[in-house]
Amino acid sequence: MTPEVRRAAEILRAGGLVAFPTETVYGLGADASSAAAVARLYAVKRRPADHPVIVHFASSREAFRWGTEIPQEAKRLAEKFWPGPLTLIVRKSEKAGDFVTGGQPSVGIRVPSHPIAQALLKEFGGGVAAPSANRFGRVSPTSAAHVRADLGGEVDLVLEGGESELGIESTIVDLSGDHAVLLRPGAVSRQDLEKFASIREKGKTPVRHSGGMERHYAPRTPARLVKSFDLDRQISMLGARVAVLAFSRPDERVDFWLRMPRDAARYAQKLYAALRELDGAGCEQILVEAPPEGADWAAVRDRLQKACDAGDMRGNMGA
Ligand code: TXA
Ligand code: MG
């Protein structure tokens, strides 16, 4: 236990806000049992009050105390994937106040694996409400520097934990209804989940979640997904005013070009830092080369669809 982590736990107990690293992205933490602390969290994030937050715990035993009527499938998934990048939505117990559930009868719970997150949660002892530590609707932070750039002096402490290992937010599975529903794809893939639970595609679930929000992970510069074969034509049309995120080598007509790995997990790890860089390039338009169709790219495709203009996506991704 480092003195920093001890101080962080004290800040949480006093109703303060602590940003901390997880294996997915950095979270902005507040005592999940304090309405005042969570209210401050929402204010700093500029997040609407009816939008629920994920509550983080050191162990699944503690996490499940915030739920009730926990189905066997939830227990199996927890046993297999916790600690790790998976969030389970379950029916809430009386421990989960309306101020963390957005007034819904369910609560999102997660046991992260990052050693600093684990140390903090153990030292604190209770549930820590933690959305990604960015302003609402913006790209999630994957380094302490990103958190400071977004939230600056409005956070009491930022725990340093290097670059996030996975780089995109946790997989979310809703187990509060009759069937397990995949709400947000992530590092735990649908195929992984299906070995332990029968998973339905997100239909018209009435709950609020990030997957249902348009342009949720958006850079400020308009971004557009472009099929590989069309990239060249788009660049000729737009010229030097574009910033490009692509798999191929830089095109000499473009001043700002980031080349991405062809491996989905490595791509995910770099994605948000890349979007921030592209956004900072001062260009008029961001062009993103569309990723492959395969199942291992599902989470990356989901985040890119939200970062890019929905209208363009129909043309490029068939979605
Ligand atoms: O990887 C992650 O999950 C990160 C790290 C910090 O743990 N956290 C994160 O939190 O991404 P946030 O708040 O940015 O996204 C959580 C999503 C939200 O879109 C929220 O609507 C959904 O989870 N969620 C939380 N509780 C829910 C509930 N009871 N029902 C439906 N969706 C819920
Ligand atoms: Mg978020």
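Okay, here's what the table says:
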{"item": "Inter-residue pairs, beta-carbon under 9 Å, first touching a residue at least 60 places away in the same chain (Cβ under 8 Å) and within 12 Å of ligand 1 (Cβ to nearest atom) and in the range 24-38, second of a type in the set (Asp, Glu) and not in a helix (DSSP H, G or I), 6+ apart", "result": "Thr24/Glu165; Thr24/Glu169; Val25/Glu169; Val38/Asp31"}
{"item": "Val288 surrounded by 15 or more Cβ atoms within 10 Å (Cβ to Cβ), touching a Phe, Trp or Tyr at 6+ places or on another chain (Cβ under 6 Å) and either outside any loop (DSSP other than H, G, I, E, B) or modelled with pLDDT under 95 (or both)", "result": "no"}
{"item": "All positions within the range 67-84 that are open to solvent by 10 Å² or more (accessible area, probe 1.4 Å), within 20 Å of Ser132 (Cβ to Cβ) and in contact (Cβ under 8 Å) with a residue 60 or more places away in the chain", "result": "Phe81"}
{"item": "Number of positions in the range 147-166 that are open to solvent by less than 30 Å² (accessible area, probe 1.4 Å), out of contact with any Pro (no Cβ under 8 Å at 6 or more places or on another chain) and part of a helix (DSSP H, G or I)", "result": "1"}
{"item": "Any hit, the range 55-64, residues being in a loop (DSSP other than H, G, I, E, B), surrounded by fewer than 19 Cβ atoms within 10 Å (Cβ to Cβ) and touching a helix residue (DSSP H, G or I) at 6+ places or on another chain (Cβ under 9 Å)", "result": "yes"}
{"item": "Residue match in the range 263-271 (condition: within 21 Å of the chain's Cα centre (by Cα), of a type outside the set (Val, Ile, Thr) and outside any helix (DSSP H, G or I))", "result": "yes"}
{"item": "Yes/no for Gly15 being in contact (Cβ under 8 Å) with a residue 12 or more places away in the chain, open to solvent by 10 Å² or more (accessible area, probe 1.4 Å), touching a helix residue (DSSP H, G or I) at 6+ places or on another chain (Cβ under 7 Å) and not in a helix (DSSP H, G or I)", "result": "yes"}
{"item": "Candidate set: the range 176-230, residues that are within 16 Å of ligand 2 (Cβ to nearest atom) and modelled with pLDDT of 95 or more; chosen: the one surrounded by the fewest Cβ atoms within 10 Å (Cβ to Cβ)", "result": "Leu183"}
{"item": "In the range 126-146, residue surrounded by the most Cβ atoms within 10 Å (Cβ to Cβ) [restricted to those that are under 28 Å from Lys95 (Cβ atoms) and either more than 10 Å from ligand 1 (Cβ to nearest atom) or free of Cβ contacts under 8 Å to residues at least 24 places away in the same chain (or both)]", "result": "Gly127"}
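For every residue, the table says whether it meets (1) under 19 Å from Ala58 (Cβ atoms); (2) within 16 Å of ligand 2 (Cβ to nearest atom).
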{"residue": "Gly108", "(1), (2)": "yes, yes"}
{"residue": "Ser113", "(1), (2)": "yes, no"}
{"residue": "Ala145", "(1), (2)": "no, no"}
{"residue": "Arg148", "(1), (2)": "no, no"}
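The values are calculated or read from the model by the stated rules, or taken from the named source; none is laboratory data. This structure is a prediction, so every number in the text was calculated from the model and none was measured. When we count neighbours, we look across all protein chains shown, and the Cβ atoms used for this are built from the backbone with ideal geometry, even at glycine. Heads up: the accessible areas ignore ligands, DNA and RNA and are worked out on the full protein's heavy atoms, side chains in. Shrake-Rupley method; radii C 1.70, N 1.55, O 1.52, S 1.80 Å.
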